[in-house]
Amino acid sequence: MILDNLTTTLADYGAVNPKIARAIEWLKSRDLAAIEPGQVITVDGERITAQIQSYTTIEPSEGLFETHRLFIDIQVIVSGHETIYWAPKARLPEVHTPYSYEKDLIFYTDPATSVPLHMEAGDFAIFFPSDGHKPKCHTERPEAVGKIVVKVAV
């Protein structure tokens, strides 16, 4: 898992994964607030896509941890505040909903411990297949959030 902000120097991300560097370059070259929610944008064929989301954050107890097998998530907060909980996949206790190949998604029950990532506009987190994460949780109270989730093929 990586936590950062789009205002930082991003040269090191090419060493992590060139597709991640490409996705972050795409994010930095756009007016993210001007992109309409509900769209799925092709950034680089099937290798990199961006899902534009808008929702109201929820109570942490209402969410589920998730992991992916085929894609890395880059979750970017465009507006509002959100807490995303993180735990290593190895610490996730049991499967809540089995893996869906079509959605590249598996849900888990909460682990005994997790790390809250308090995020605001411009912040992003990168979740690899080994990273369990529970997004869409409120920080202090439910609020509207604009987010872009960039899916990067592993």
To the nearest 20 debye, the range 2-153 has a Cα-centred charge dipole, built from +1 on Lys and Arg Cβ and -1 on Asp and Glu Cβ, of 340
Which of 119, 1 has the fewest Cβ neighbours within 10 Å, and the rest in rising order | 1, 119
Residue order, fewest to most surrounding Cβ atoms within 10 angstrom, among 42, 67 | 42, 67
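Where Rh is the Kirkwood radius over the Cα pairs of the range 2-153, the temperature 25 °C and the viscosity 0.890 mPa s, what D in µm²/s does Stokes-Einstein return? Don't jump to the answer; show the numbers that get you there.
Working: Rh = 15.7 Å.
Value of D from the Cα-based Kirkwood radius: 157 µm²/s.
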Shape category assigned to the range 85-125 from the gyration tensor of Cα positions, a/c cut at 1.5 = oblate
Over the chain, the sum of -39500 (n - 2.57) across DSSP H runs of at least four, divided by residue number and rounded to 500 deg cm²/dmol, gives at 222 nm -2500 deg cm²/dmol
Neighbour count of at most 15 Cβ within 10 Å plus DSSP loop: longest trypsin sites (Lys or Arg not before Pro)-free window in the chain | 104-154
Sorted by mean Cβ packing within 10 Å, highest first, what order do the peptides 127-134, 51-58 take?
-> 127-134, 51-58
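Give the longest segment of the chain that steers clear of GluC sites (Glu not before Pro) in DSSP loops with at most 14 neighbouring Cβ atoms within 10 Å, not counting the sites themselves.
1-93
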For residue 47 and residue 91, calculate 0.36 nm times their separation in residues minus their Cα-Cα distance, and state this gained length in nm to one decimal.
-> 13.0 nm
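FYI, it's all coordinate maths here, none of it is from the lab. What you see is a predicted model, and the numbers here were worked out from it, not measured in a lab. Don't worry about glycine lacking a Cβ; one is built from the backbone with ideal geometry, like all the others, and counts go over all protein chains shown.
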